[in-house]
């Protein structure tokens, strides 16, 4: 297959990366506005969602998924622990491993965040068919797989 872009005609502001960046910013800002009454930041609600979904259980796993510096992650987890949203628990089989668990407060926030995500995505995807959204998801998965 021939390349998609050519140096002679490439316009970064009109390339797929620019549109993905703008879409991400639009999504994050919309979700942050929706979740403002809960007093949780973008980074905090993402951690709550990843722990609640079972996509991550340790700080190292969160760092890998979110491409976060371990020091920054520690500070973020400290804030969430101070808010009573999560707790650190030593693994019984390996005391070096610290697992992260949502507290009752974190479990209470999880469905509220999920509801906000669904509402925001449905609003931003207004006018798209389900098949168009699935196609977009598949195309983005292929792009990530090409990396």
Hits in the stretch 44-57 - residues which are within 8 Å of the chain's Cα centre (by Cα) and either without any contact (Cβ under 8 Å) to a residue 12 or more places away in the chain or over 12 Å from residue 106 (Cβ atoms) (or both): 46
Can we say residue 81 is under 20 Å from residue 35 (Cβ atoms), under 18 Å from the mean Cα position of the chain (by Cα) and not in a strand (DSSP E or B)? no
For the stretch 52-67, the count of residues that are surrounded by fewer than 17 Cβ atoms within 10 Å (Cβ to Cβ) and over 19 Å from residue 112 (Cα atoms) equals 7
Mind checking whether some residue in the stretch 98-111 is in contact with a helix residue (DSSP H, G or I) (Cβ under 9 Å, 6 or more places away or on another chain), in a helix (DSSP H, G or I) and touching a residue at least 60 places away in the same chain (Cβ under 8 Å)? yes
State yes or no: is residue 73 within 16 Å of residue 45 (Cβ to Cβ) and assigned to a helix (DSSP H, G or I)? yes
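Restrict the check to the stretch 43-51 and report whether at least one residue is more than 19 Å from residue 115 (Cβ to Cβ), surrounded by 11 or more Cβ atoms within 10 Å (Cβ to Cβ) and modelled with pLDDT under 95. Full working, then the answer.
Initial filter on the stretch 43-51 (more than 19 Å from residue 115 (Cβ to Cβ)): 43.
If we keep only those that are surrounded by 11 or more Cβ atoms within 10 Å (Cβ to Cβ) as well, we get 43.
Still in the list and also modelled with pLDDT under 95: 43.
Yes, because at least one residue in the stretch 43-51 is more than 19 Å from residue 115 (Cβ to Cβ), surrounded by 11 or more Cβ atoms within 10 Å (Cβ to Cβ) and modelled with pLDDT under 95.
The values are calculated or read from the model by the stated rules, or taken from the named source; none is laboratory data. All of these numbers come straight from a predicted model, not from anything done at the bench. With ideal geometry, Cβ positions are generated from the backbone for all residues, glycine too; neighbour counts draw on all protein chains shown.
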